[in-house]
1. Skip the ligands, DNA and RNA, and give the accessible area per residue of the chain with a 1.4 Å probe, whole Å².
2. For the chain, give the percent of accessible area contributed by carbon and sulfur heavy atoms, probe 1.4 Å, rounded to a whole number.
3. Tell me, in nm to one decimal, what length is gained between A40 and N75 on full extension, where the rule is 0.36 nm per residue of separation less the Cα-Cα distance?
4. Roughly how much of C61 is accessible, in Å² to the nearest 10, using a 1.4 Å probe?
5. For q = 0.15, 0.22, 0.34, 0.35 Å⁻¹, what log10 I(q)/I(0) does region 24-64 give under the Debye formula with an equal point scatterer on each alpha carbon and no solvent?
6. Looking at the chain only, what percent of DSSP beta bridges run antiparallel? Nearest 5 please.
7. If the cut-off is 18 Å between C-alpha atoms, which aspartates and glutamates fall inside it for K113, apart from same-chain ones fewer than 8 positions away?
Amino acid sequence: QVQLVESGGGSVQAGGSLRLSCLVDGYPSTALSMGWFRQAPGTEREGVATVSRDGSDSASCADSVKGRFTISKDNAKNTLYLQMDSLKPEDTAMYYCAAQILGSSYCDRRFYKSWGQGTQVTVSS
């Protein structure tokens with residue numbers, strides 16, 4: 001049973017940075033394809049970035065975050081990270097950590113079976 005707990009969200013001014021963390025419990029993160037998703041009120045949950053099981057392959061899911069957000073894994077700590085720089089008000093959303101045992105990482109939320117409870121990110125102008 002994979003359990004995910006996000007942390008690190010908060011309020012920040014435009015241009016600032018935040019680092020989100022996702023602690024994995026119940027399964028080694030080395031065996032998990034993982035991703036970050038976000039959802040603003042009234043919108044569908046969208047992919048932000050994904051990373052492979054061993055952490056060697058990562059990708060942004062949208063041009064809007066490419067070059068500003070970096071996903072990474074520290075498998076020794078069973079933790080997934082999302083470093084967010086140059087934040088914009090449009091980045092305001094609830095951010096969710098997701099995981100799937102085996103398989104490749106995808107930006108499609110339907111691929112993932114395990115989800116965290118989310119952490120709120122609010123960016124003010």
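1. Computed with neighbouring chains in place, this is 51 Å² per residue.
2. 46
3. 9.7 nm
4. 40
5. For region 24-64 at q = 0.15, 0.22, 0.34, 0.35 Å⁻¹, log10 I(q)/I(0) is -0.44, -0.76, -1.10, -1.13.
6. Antiparallel bridges make up about 90 percent of those DSSP assigns within the chain.
7. Straight-distance partners of K113: E6, D25, E44, E46.
The values are calculated or read from the model by the stated rules, or taken from the named source; none is laboratory data. It should be emphasised that the depicted structure is a prediction, and the values quoted were computed from it without experimental measurement. Just the protein is used for accessible areas: all its heavy atoms, side chains included, with ligands, DNA and RNA removed. Shrake-Rupley method; radii C 1.70, N 1.55, O 1.52, S 1.80 Å.
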